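Asks: Following this message is one structure expressed as structure tokens.
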Amino acid sequence: MKRTLSIILLLVSTFGFATEQIPDILIWKNDTISLHSNPLGSYPKLEELNLFGEQDAGYSTACWKGYIAEWKIIDNTLYLSNIYSCDYSYSENKIKADLKKLFPKKYYNGIVLANWYSGKLSVPNGKLINRELKIFESEWLLKIKRGKVIDEKKFDNSNSYISIYTQNQDSLNVFISKNINWNKIPHLDEGIHKVYGLIKSGNSKTEFTVKVKSNSEYKELEEEVLRILKSLPEFDFYIKAGEVINMSYMMPIMFDEKNRPK
């Protein structure tokens, strides 16, 4: 009988949303770039602003903050240039906020000085490597103080690596199925016996940690899954803005005595 295992790869992370969020827009160095930061979110009393007045700005699960802001960097200074409704990218009837009315003391010549904002802006460049972590091949990290760009650094994220075992679930399924030693597993009671494997990425594609857990009485299942997962030749490795980013992946692995090879 052919050996089979049912394997599901689940991403366990605090990053990202169930629905990918529409980013803000940054116009900088003659480029229009997606900005995965939210400078407007730190504006004092933002919740008191009625961004679109009585107009129906609609709703989207891809736009939890309720707007898409457009920014410009001019002479190393950050400006707010537009605020659009969430249907910015796909509707000809998108609504644009009245910046002059919202920011009467800061508004000048069509833009608003963002002098309330201090923090870091990540400006992506190149191919997208990981959607959940917003990792691109490279990125500029701009340090902002009261709306002024006081430092900028460019980082190379291209050394990030996505393993075949997370790109293709079948590859992980096949690896486990081929490497399991059924001689180490006692006869199993009828039904499915589940083991949870947790793999956490590390400082390179060959450096990762593995943990396992199950509610089964058969500790041999945990031991075998732990041995197999530790023998993986590679796994994911992510670097962003000079820092290693660790990701954890959980896999429910189901054993059934019916699948034991004859």
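The values are calculated or read from the model by the stated rules, or taken from the named source; none is laboratory data. Not measured: the values here are computed from a predicted model. Heads up, the Cβs are rebuilt from the backbone with ideal geometry, glycines too, and the neighbour counts pull from every protein chain shown.
Asks: Of everything in the range 167-184, what is surrounded by 14 or more Cβ atoms within 10 Å (Cβ to Cβ) and touching a helix residue (DSSP H, G or I) at 6+ places or on another chain (Cβ under 8 Å)? Give them in sequence order. Please lay out each step first, then the result.
Replies: The initial filter retains those residues of the range 167-184 that are surrounded by 14 or more Cβ atoms within 10 Å (Cβ to Cβ), namely 172-177, 180.
Matches in the range 167-184: LEU172, PHE175, ILE176, ILE180.
Asks: Follow-up question, since we're still on this one. Would you pick out the residues in the range 122-142 that are farther than 16 Å from ASN38 by Cβ, within 14 Å of the chain's Cα centre (by Cα) and part of a strand (DSSP E or B)?
Replies: First, pick out the residues of the range 122-142 that are farther than 16 Å from ASN38 by Cβ: 125-133, 135-140.
When the remaining residues are screened for being within 14 Å of the chain's Cα centre (by Cα), the result is 128-133, 135-136.
Of everything in the range 122-142, those that are farther than 16 Å from ASN38 by Cβ, within 14 Å of the chain's Cα centre (by Cα) and part of a strand (DSSP E or B) turn out to be LEU128, ILE129, ASN130, ILE135, PHE136.
Asks: Criterion first (loosely packed, with under 15 Cβ neighbours inside 10 Å, charged (D, E, K, R) and farther than 30 Å from HIS36 by Cβ) does GLU217 satisfy it? I'd like the intermediate steps shown before the answer.
Replies: Working: loosely packed, with under 15 Cβ neighbours inside 10 Å: yes; charged (D, E, K, R): yes; farther than 30 Å from HIS36 by Cβ: yes.
Criteria met by GLU217.
Asks: Of all the residues that make up the range 95-121, how many are at pLDDT 90 or above and either assigned to a loop (DSSP other than H, G, I, E, B) or not assigned by TED's automatic domain parsing to the domain that holds GLN55 (or both)?
Replies: 13
Asks: For the range 34-59, what are the residues that are surrounded by fewer than 18 Cβ atoms within 10 Å (Cβ to Cβ) and outside any loop (DSSP other than H, G, I, E, B)?
Replies: SER34, GLY41, SER42, LEU46, GLU47, GLU48
Asks: From the set of residues in the range 118-146 that are small (Gly, Ala, Ser) and in contact with a helix residue (DSSP H, G or I) (Cβ under 9 Å, 6 or more places away or on another chain), which is surrounded by the fewest Cβ atoms within 10 Å (Cβ to Cβ)?
Replies: Going through the range 118-146, the residues small (Gly, Ala, Ser) turn out to be 118-119, 122, 126, 138.
Still in the running and in contact with a helix residue (DSSP H, G or I) (Cβ under 9 Å, 6 or more places away or on another chain): 118-119.
Values: SER118: 15, GLY119: 12.
Out of the qualifying residues, it is GLY119.
Asks: Having 2 or more residues that are not assigned by TED's automatic domain parsing to the domain that holds ASP75 and not β-branched (Val, Ile, Thr) is the bar; report the strands (runs of 3 or more DSSP E) wholly within the range 148-262 that clear it.
Replies: On the way: elements: 148-156, 192-204, 207-214, 238-240, 243-245, 248-256.
Passing ranges, in order: 148-156, 192-204, 207-214, 238-240, 248-256.
Asks: Given TRP28, TRP64, TRP71, which one is at pLDDT 95 or above, of a type outside the set (Lys, Arg) and either loosely packed, with under 14 Cβ neighbours inside 10 Å or under 28 Å from the mean Cα position of the chain (by Cα) (or both)? It would help to see each step written out before you state the result.
Replies: Values: TRP28 fails: at pLDDT 95 or above; TRP64 fails: at pLDDT 95 or above.
Exactly one residue qualifies, and that residue is TRP71.
Asks: Let me ask you something else. Scan the range 188-211 for residues that are within 16 Å of SER231 (Cβ to Cβ) and either exposed (fewer than 14 other Cβ atoms within 10 Å of the Cβ) or acidic (Asp, Glu) (or both) and jot them down.
Replies: Hits for the range 188-211 are THR206, GLU207.
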